[in-house]
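Single-structure report; data block below.
The values are calculated or read from the model by the stated rules, or taken from the named source; none is laboratory data. It should be emphasised that the depicted structure is a prediction, and the values quoted were computed from it without experimental measurement. Every residue, glycine as well, gets a Cβ built from its backbone with ideal geometry; the counts of neighbours run over all protein chains shown. The protein model used for the area step is the full one, side chains on, heavy atoms only, and it has no ligands, DNA or RNA in it. Shrake-Rupley method; radii C 1.70, N 1.55, O 1.52, S 1.80 Å.
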Amino acid sequence: AWWTRPETAQRRLLGPLHDRRLLALFAATFALTMAFGGIEVGYPGFGRAVGEDAWGPALIAICSIGSAIGGLVYGGLHLRAPLARQLPVAMAVMAVPFVAHLPVSSPWGLAPVAFLAGAMIAPAMTIVSLLVAEIAPPQYATEAFTWSATAIVTGLGAGMTVSGMLVESHGPNGAFAWASASALAASILAFALSRMRP
């Protein structure tokens, strides 16, 4: 027959959450997407702070363009380093332009920084997805991707919530500082993942 039933593998109550590496990956993903939520709130806050609301969506668009181009470039590369080693590097590189948001006071000065921040978003998220597929046992593949999506959505929501409060109390730099700290935390968690053995 062209279809055969796969061998029944042992299943655990916690499913993919039993794997320490997946837990570390989900935690890094959560922290990373909190950073995304931070800048998505920070940009409109920045536009309001400089008296030009239109810069808010413009900066989000510039960051998105950077992400698209970064994804195309990463897709064309043929890196030999293991994905688990690529991830902390991608997240650490991303944290640099996130931190660079803090001293900038001009919209025109922030535009290239937003582009550079976005340039690593698609590569980092691509590596995350590939790592889920690589680490998750076949019997937990669907559950693992569901948990990954949960980490992404809740991370974005948490990042936006905290950043919204920080913008109200400390201006846009409050959101940018939160995004920077989240990106740095993500790179540390990803580094911890790279040190774990299968």
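Here are some notes:
- Using a Förster distance of 35 Å, the FRET efficiency for T161-H78 (Cβ separation, nearest 0.05): 0.35
- The string of couplings for the stretch 96-113 from the Karplus curve (6.51, -1.76, 1.60, θ = phi - 60°) is 4, x, 4, 5, 5, 5, 4, x, 7, 10, 9, x, 5, x, 7, 4, x, 5 Hz, one whole number per residue in order, with x for Gly and Pro.
- Heavy-atom accessible surface of the chain: percent carbon and sulfur, 1.4 Å: 68 percent
- Helical content of the chain, expressed as a calculated mean residue ellipticity at 222 nm, amounts to -26500 deg cm²/dmol (DSSP H runs of 4 or more residues, -39,500 (n - 2.57) each, divided by residue number, nearest 500).
- Given the choices (1) 18.4, 68; (2) 17.0, 54; (3) 19.5, 62, Rg and Dmax of the Cα atoms in Å derived from the coordinates of this structure is entry (1).
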